Amino acid sequence: MTGEIDASAAVMGRRNMLGPPGSLNTITPCAACKLLRRRCAEECPFSPYFSPHEPHKFAAVHKVFGASNVSKMLMEVPEPQRADAANSLVFEANVRLRDPVYGCMGAISALQQQVQTLQAELNAVRAEILRYKYREAANTIIASTNAAHSSANSDSNGLEE
Ligand SMILES: [Zn+2]
């Protein structure tokens, strides 16, 4: 039942994406089928996730993972999560094209390093704030003891006179 609803929703999304209903025979192939020069069938695994308006997305995943692997990876994921999976594959592919050695790991370790540096900086600033607070508290205590002393002195002086 839910499968039927999902399928019809996917078809509706597809129709909306590709133009008004009725023009279904002259549908624009999805980005994947366009690149692979094949007919974009109704049950094309790529069409819900690779719009013909963003051809660079499929080009990147095809270059890095290969179309059949992308299709397999998408099919291994439950349908409601496939759009997210497709987006993360696009992200990974783009990073790997820029950084063929480390890919996403490069971005992750650079950010982890940044987190460590900022954490150390934050700790240093906190320690400095604490030092200022102690110094301020110490000054206040000294000032109040001095004031007490001087008032005690003037009192005793007052008594003596
Ligand atoms: Zn297609």
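Just so it is clear, none of the values below were taken in a lab; they were calculated from the coordinates. Note that the coordinates shown come from a computational prediction; the quantities given were computed from them, not determined experimentally. Neighbour counts run over all protein chains shown; Cβ positions are idealised from the backbone, glycine included.
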Handout entry: Potential extension, residue 150-residue 41 segment - 0.36 nm per residue separation minus Cα distance
Key = 29.7 nm
Practice task
Would you compute, for the Cα atoms of region 28-161, the largest minus smallest coordinate along each principal axis and list the three values in descending order, in whole Å?
Solution key: 113, 31, 25
Fill in the blank from the handout: Residues meeting the amide H criterion for residue 47 (H placed from the backbone, H to H distance under 5 Å, 5 or more places apart or on another chain) are none
Exercise for the section: Mind ranking 68-74, 105-111 by how tightly packed they are, going by the mean number of other C-beta atoms within 10 angstrom, highest first? Expected result: 68-74, 105-111
Handout entry: Karplus (6.51, -1.76, 1.60) ³J(HN,Hα), θ = phi - 60°, over region 89-95, in Hz, Gly and Pro reported as x
Key = 5, 4, 4, 4, 4, 4, 5
